[in-house]
1. Can you confirm whether the stretch B:14-22 contains a residue that is closer than 26 Å to B:Lys298 by Cβ and free of Cβ contacts under 8 Å to residues at least 24 places away in the same chain?
2. Looking at the stretch A:44-60 only, could you name the residues that are surrounded by fewer than 16 Cβ atoms within 10 Å (Cβ to Cβ) and touching a residue at least 60 places away in the same chain (Cβ under 8 Å)?
3. Kindly provide the set of residues from the stretch B:182-204 that are open to solvent by 40 Å² or more (accessible area, probe 1.4 Å) and within 24 Å of B:Ala141 (Cα to Cα), ordered by number.
4. Among what's in the stretch A:38-49 and is in a helix (DSSP H, G or I) and within 14 Å of another protein chain (Cβ to nearest Cβ), pick the residue that is nearest to B:Lys464 (Cα to Cα).
5. Only one of these conditions is not met by A:Arg371: (1) open to solvent by 20 Å² or more (accessible area, probe 1.4 Å); (2) modelled with pLDDT of 95 or more. Which number is it?
6. Return a yes/no flag: does the stretch B:566-584 have any residue that is touching a Phe, Trp or Tyr at 6+ places or on another chain (Cβ under 9 Å), of a type in the set (A, V, I, L, M) and open to solvent by less than 10 Å² (accessible area, probe 1.4 Å).
7. Just wondering, is there one or more residues in the stretch B:477-484 that are in a helix (DSSP H, G or I), more than 10 Å from chain A (Cβ to nearest Cβ) and more than 23 Å from B:Arg5 (Cβ to Cβ)?
8. Taking A:Arg65, is it touching a residue at least 12 places away in the same chain (Cβ under 8 Å), of a type in the set (Lys, Arg), under 23 Å from A:Asn346 (Cβ atoms) and away from chain B (no Cβ under 14 Å)?
Amino acid sequence: MNEQLATELLVCIMEWDDSRVAQERPYLEALAEYKYNEYQQFSPGMRFIESLATWLKQFGSSDERDIAYSFVKNRLIFFSAAEIAHFVSISYPDLIRPKLIHRAASILGVPATDIVHITNSQVFRMLQRQCLFLGLSDGARLDVFRRFNPQLSHDQVYRTHEVSEGRAQGLQTDLRGDLKNILDREPKPDEARFSTVVLIDDFTASGKSFLRDDGGVKKGKLQKWLESVREGGDLEPLIRADTLHVCVLFYVATSDAIHRLADEFASGLLEIFPKATHDVIAVQTLVDASHLSPGGDTEFLALVDSDAYYSPAVYDAHMAKGKGDGRRGFDEGLLPVVLTHNTPNNSVLLLWANPIELGSEVRGLFPRVSRHRANQ
Amino acid sequence: MSDLRNPFRLRAANRLERDDTFVSLFAPGILNVLDKEAFRGPPHVFRSAPGGGKTSLLRLFTPAALWAATRRKDVDPDLYQSLKAIGAIQDGRPAIHGVMLAVGRDMATLDDLPIERATRRRLFLAMATAKLVIEATRSAASVCAPEPVPLAQLQCLGPDSVSSIGEIEFPCTAERLFNWASAQETAIGDALDTYPLPSTFPGQDSLAIVRSLDASRILFDGQPVAKRTVIMIDDLQNLASAQRRTLLEDFSTARYQATIWLTERLAALDEQELLDVGALPDRDFSTVVLEETWISKKAAYRQALSDIASRRTKLSTVASIPDFAPCLEDRLNFRVDKGKHRRLVDSWTQWYYDRLAGNDQRAKTVVTALLGVGFVVDDWESLIKLRSTAILVERERVKSQSTFEFAADANIDSDVRGAAELFLCREAGLPFYCGFEKIAILSSGNIEQFLGLAGDMFERLAAKVLSRRASNLTVSEQDSLVRVVAARRLDELSQYVVHAADVKRILLAIGRACEERTYLPNAPYSPGVTGVGLRLSEWNRLRSASASMTETNKLLRSVIHSAISHNLIEISQPQRCKGDDWIIVRLNRILCPYFHLPLHRGQWRPASLRDLVTWIEQGYRTTQQQIVDV
């Protein structure tokens, strides 16, 4: 839809007077231009202002529309492609490399602040090469990660955590070759193993996709990875058990998910590698205040909880794995978050409801394409 | 270029990357600021407050912009013809080899080096030479053809009768010259990056190499690359004071064949220079203060602004606004503008008639006669006449022998009319600051100021169009917006002005002083007072910094310097009045609405240095307040 027409439609729906239009238009068009127009799941020809107008139109009164608009202005969190790329670019230098520096400092017996000495040392270069980066999904953007970090070898960055036996052998062979150059000798068998594994993904809100208890059975991507490094697993020969450190890295994660995963991953990991250390970190943490709350977002939550803006079709087998009926998002995530490529279902339904998928009239501002769609 | 929400917010010539966009927004009327000697004669120094249009003016004469204007000759014939008329384009191609060097803040850091002053000077000249040669060779390659030609194909002959300058032997290729300059710049950078600093630095005693940069001395295919070279150095205010003096000295004494244009903000001038009104003109430079030039060329300025507005409006995403100026309503139409204004005028008219007529029988007779002679209460002209007559009645009252002998239908003096309109609008709450003419005046000769005000208006206009309520801005809406902008300008001083609190106090004081005199019931200074006058002798005391100057006067000097350099006040040339010479200090027009002042540059009231100091220290006190104090 033509931009001018979309704005006229919005003005008509919101019943704004001239001074209000003059006040809101610069803000809306700036944000649309800066971020919101790049949302990848808009239908062809659709852009943010039109989507906003159509979204607001579904509310029954001008008061409700004002509440919804205020939510968009004040509470919506949209991670643009540029912002995610920035997280990717800083994840290694700002979060992982300092850990390697600290470890090297400890081995060398020097202060961790002696950066130049440490990073020029053989110990650091070895530790850096003995670091394996695995993607937990396409969202890890390891293609971009690799380009932002030319100091890392291509052979230590792999797009998936599900590594075949043949590929695992290839990774180890490459590691051995690079270590030989660093050490100027053949590396010992223990040295030709990865002492740090970084498992990377873009987003988690509940952590349940990564680790959960499903009727007494542990499931999730992290569980799959743990299976692969058990004795007999494809990745087991690559891991240096006596000095292993596993880092689960998200570009964006809620603090709840980080704490939960840190606790639950520990037991599984220590069972396999009793001497291993681990942490779960995020480049950008969504603290508790990011979530919508009954105290601070009463009016908008009333809309979220209203049956008028709910479709029972959202409650499918996947949604059933979490708390609630989906109107507050998967597992009642109560998030106001949108990612440029899709809206997570942990966000409130009013943000991501897709009328085509749900077969309903409820409409999200940033409609989501579901991975968990029922076979058609 | 993609459509813009509000094209008036697009600022700063140096941020518009595409030359086609830049040229499409450039109004040819701006070229009126160039005098006949612009391409000949002494070096020109263009000065203005920020946003005056200096950089845009220079950029127009760069090869890329001239080629863009040539490409667009069918789309924008006005600009093309204007450039042809001044000789910037000839035979369908650029005739000027424009070399534009924007001075960054990095140059000033050379002056901080802990080395001897003479070495610093030589180092600065070496850096300036290198940068100029790099720009000149690049622009020479760009001016001779629509696409830049390889530097190796340009032949540099060097200055007349000079076979070499330093390491450069002439003739040589432009590539050789470029490489030499790049190496010099790199050498300087390397020296500065060395710790500790080396004992010697690259250095030059002058900008002699500029002589080799004239268009007639650079050939492409055996022909000069252009008819003339214009060396344009932008933002001299970014240089250290000593560097600026060095550059100005060199350009004033060297008499280069190339045209030299320099730009700087008024803030670059020290207090002595900035307050130097009425001094003999500098014969080594031709100084052009852009705001002053536009104030003296009102019609051309207004036309240029209208053109700027039209060009920008075309880029808007709101297609239903074809042009800007026609969308500004110019007259209060009582028959259309019902409600608030009509009720105000009705109640005011009755009030004034009762007030005036009740006190004096003779006055009542005059007013009654006036009201009886074809008076139409909702007609603007009738109201002006009523209010003008009221002023004349007041004037009669204060005479020792008043006669009230003026006919109700006599022609009213234009100054009295002006005062009447002002009084009427203020008393009845009617809009005064409206219409494109007044918006142009409110910009005070500064293009960015115009864009700011027009941008706010355009935002409101677009909002109305998108709401499908109307396609114009009413006089009331314009007036409200202007007053908001005026108030905001005062509120935001602390963000960009040195001595902000004192500057604000003096502006408020000048404004209140003018307001008090303007609104005397008999309007003795019709149409109104818009400035204060200082005796030239007092001004000169302020201008010349002497050891015996008091602290308060030193502060006053700094405050005035700050106010002038940010275009908050205008200073006139000396004017003769009542046997004495006066310097008139006027507010930037955009501040006048804050005090309900007219926009002309007419009447002023005298003030002294002591008054100004008192205003800074204590603020302005009205005559009534002073009487109460006594």
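1. no
2. The one that is surrounded by fewer than 16 Cβ atoms within 10 Å (Cβ to Cβ) and touching a residue at least 60 places away in the same chain (Cβ under 8 Å): A:Gly60.
3. Within the stretch B:182-204, B:Ala183, B:Glu185, B:Thr186 meet the criteria.
4. Going through the qualifying residues, I end up with A:Ile49.
5. (2)
6. Yes, because at least one residue in the stretch B:566-584 is touching a Phe, Trp or Tyr at 6+ places or on another chain (Cβ under 9 Å), of a type in the set (A, V, I, L, M) and open to solvent by less than 10 Å² (accessible area, probe 1.4 Å).
7. There is at least one residue in the stretch B:477-484 that is in a helix (DSSP H, G or I), more than 10 Å from chain A (Cβ to nearest Cβ) and more than 23 Å from B:Arg5 (Cβ to Cβ).
8. It is false that A:Arg65 is touching a residue at least 12 places away in the same chain (Cβ under 8 Å), of a type in the set (Lys, Arg), under 23 Å from A:Asn346 (Cβ atoms) and away from chain B (no Cβ under 14 Å).
The values are calculated or read from the model by the stated rules, or taken from the named source; none is laboratory data. Just so you know, these numbers come straight off a predicted model, no measurement behind them. With ideal geometry, Cβ positions are generated from the backbone for all residues, glycine too; neighbour counts draw on all protein chains shown. These accessible areas exclude ligands, DNA and RNA; they are computed on the full protein's heavy atoms, side chains included. Shrake-Rupley method; radii C 1.70, N 1.55, O 1.52, S 1.80 Å.
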